[in-house]
Amino acid sequence: MNRFASRTLCLALVASCSFAGVAIAQEPSAATSKPDASFVKQASAAGLAEVALGRLATEKSSSADVKTFGQTMVDDHTKAGDELKTIAAGKSLPVSTAPMPADVKAATVIGNKDGTAFDKALKAKMVADHEKVIALFRTESTSGKDPDLKAFATNTLPTLQHHLDMAKQLPADR
């Protein structure tokens, strides 16, 4: 895949995540704390980044294990994102409609790699991202004020830990 096609794929993945978002009121309810609202924004952006990277993995990797992992990211993070959107909508909390700019940039860099270099970069990003998001979800699970968001974080943590374990087992060379 040439560099232009790779960048186009990354941008298309990000755009598809952005347009899949649901319009949600922009004013959080007075009952929701700022940390809870921040969790919603960060968690939804992280989920979109994982979906985009998962799609990239299914399209670009030549490793069956990496492709399977990528599809798992798409499926699980889409499901979690939909659940978070539903909870957030009920509380008039905005969700992110795109990954964070740093994640878009990282996806572009990873997408420009091929073969073993692609798989190695994807693995490193997925491990780092899941370590970071697990910390975010643990904080919400233990310190969040909103019971629905706390429950969502608590219930999602085992899946995120499983993703981290899977990412660590990905082949980085063939």
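Taken as a whole, the structure leaves Glu59 outside the set of residues that are under 20 Å from Glu131 (Cα atoms), of a type in the set (Asp, Glu), in contact with a helix residue (DSSP H, G or I) (Cβ under 9 Å, 6 or more places away or on another chain) and not in a loop (DSSP other than H, G, I, E, B). Among the numbered conditions (1) buried (at least 17 other Cβ atoms within 10 Å of the Cβ); (2) at pLDDT 95 or above, the only one that Leu13 does not meet is (2). For the stretch 50-69, a residue qualifies if it is within 12 Å of the chain's Cα centre (by Cα), in contact (Cβ under 8 Å) with a residue 40 or more places away in the chain and closer than 21 Å to Gln169 by Cβ, and the qualifying residues are Glu50, Leu53, Arg55. Residues in the stretch 62-98 that are outside any helix (DSSP H, G or I), farther than 20 Å from Ile134 by Cα and among the small types (Gly, Ala, Ser): 3 in all.
Scanning the stretch 123-158 for residues that are of a type outside the set (Val, Ile, Thr) and under 13 Å from the mean Cα position of the chain (by Cα) yields Lys125, Met126, Ala128, Asp129, His130, Glu131, Lys132, Leu136, Phe137. Specify the residue that is farthest from Ala37 (Cα to Cα); the eligible residues are those in the stretch 142-174 that are touching a residue at least 60 places away in the same chain (Cβ under 8 Å) and part of a loop (DSSP other than H, G, I, E, B). Per the stated criteria, the residue is Arg174.
Among the conditions (1) crowded, with 21+ Cβ neighbours inside 10 Å; (2) among the acidic types (Asp, Glu); (3) within 19 Å of Glu59 (Cβ to Cβ); (4) touching a helix residue (DSSP H, G or I) at 6+ places or on another chain (Cβ under 6 Å), the only one that Asp146 does not satisfy is (3). Scanning the stretch 99-121 for residues that are part of a loop (DSSP other than H, G, I, E, B) and in contact with a Leu (Cβ under 6 Å, 6 or more places away or on another chain) turns up at least one hit. Close Cβ contacts (under 8 Å, 6 or more residues apart or on different chains) running from residues in the stretch 118-140 that are under 24 Å from Glu59 (Cα atoms) to residues that are among the acidic types (Asp, Glu) and outside any helix (DSSP H, G or I) comprise Asp119/Asp173; Lys120/Asp173.
The values are calculated or read from the model by the stated rules, or taken from the named source; none is laboratory data. Small disclaimer: the values here were computed from a predicted structure and weren't measured. Quick reminder, even Gly has a Cβ in these numbers, built from the backbone with ideal geometry, and neighbours come from all protein chains shown.
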